[in-house]
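Below is one structure, written out as structure tokens, with a few remarks after it.
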């Protein structure tokens, strides 16, 4: 079942152009939507989840029209938003059972089997009777996945799932997501490059409501081979470096500044070639789409992006 997004646009009442003629074809499997905060990712995810209307365009999930057949789409949709509430004094088992009833699984024995299977799949079975208020961030995210998986959805939308998780919880959560992509379309919306690197077979980069590139991550990285260069400079020389070269990222190393530059050939003395990665792909396209955008330290790896 393929998801086809055609010329989706959205402008809010305050004048913000959140989406500008977004067109994507998303096949089954894990698909990454990568972009900085405020790029339009959540607007697109809410639109796909039938929670808001676009101003223009069309969306089809297989034979379903997402914009006009909302009830049918919701029956085959799993949605894990960036933030979701839980009842802190209710156990995971009880609340998941309640959501299963709302999803239409009314036969008691079937519902019990479904709830148990999902709690085991998300590695929450041993803490099923623990109140949700005592869950860690990663445990709450995994509970959100269990809720989203009710009804065996053909489309899963996961919005910024690993922001704020500690490294161990992040690994557990990413492993769970990778299993889900085997049977349905799973869209992972994030600003954390590593999540896409580790999970997705296809991806798109979005910024200021526009798709900058759509590609297979490995091929996008391959296309930059021989075009990323590194040099260590004094911090005082950074302004001159940015005027003379296409600086895509900077970070501090032992009190000095390491710059990555995008160029088709050796940009000058003191530069050395480096093997590109998806982070370089990300910043090359952000810079091309928004010339003032660059990363200023390793903050992206910590789960946030800093633009100057």
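Assorted remarks:
- Test for residue 56: is it modelled with pLDDT under 95 and either outside the structural domain of residue 190 (by TED's automatic domain parsing) or on the phi < 0 side of the Ramachandran plot (or both): no
- Test: residue 129 is closer than 16 Å to residue 91 by Cα and in contact with a strand residue (DSSP E or B) (Cβ under 6 Å, 6 or more places away or on another chain): yes
- Selection status of residue 228, touching a helix residue (DSSP H, G or I) at 6+ places or on another chain (Cβ under 8 Å), outside the structural domain of residue 15 (by TED's automatic domain parsing) and at negative phi: yes
- Scanning region 264-278 turns up at least one residue that is modelled with pLDDT of 80 or more, touching a helix residue (DSSP H, G or I) at 6+ places or on another chain (Cβ under 9 Å) and over 26 Å from residue 218 (Cβ atoms).
- Scoring residue 80 on the criteria (1) surrounded by fewer than 22 Cβ atoms within 10 Å (Cβ to Cβ); (2) at pLDDT below 90; (3) closer than 21 Å to residue 161 by Cα leaves a single failure, condition (1).
- Every listed requirement among (1) touching a strand residue (DSSP E or B) at 6+ places or on another chain (Cβ under 6 Å); (2) over 30 Å from residue 114 (Cα atoms) is met by residue 31 save one, (2).
- Assessment of region 115-135 against the conditions (in contact (Cβ under 8 Å) with a residue 24 or more places away in the chain and assigned to a strand (DSSP E or B)) yields at least one matching residue.
- Those strands (runs of 3 or more DSSP E) of region 223-263 in which at least 3 residues are within 18 Å of residue 288 (Cβ to Cβ), considering only elements entirely within it, cover 247-253, 256-262.
- Residue 94 vs. criteria free of Cβ contacts under 8 Å to residues at least 12 places away in the same chain and surrounded by fewer than 20 Cβ atoms within 10 Å (Cβ to Cβ): yes
- Test: residue in region 160-172 that is assigned by TED's automatic domain parsing to the domain that holds residue 105, part of a helix (DSSP H, G or I), touching a residue at least 12 places away in the same chain (Cβ under 8 Å) and buried (at least 19 other Cβ atoms within 10 Å of the Cβ): yes
The values are calculated or read from the model by the stated rules, or taken from the named source; none is laboratory data. Keep in mind that this is a model prediction, so the values were computed, not measured. Please note: Cβ atoms are built from the backbone with ideal geometry, for glycine as well, and neighbour counts cover all protein chains shown.
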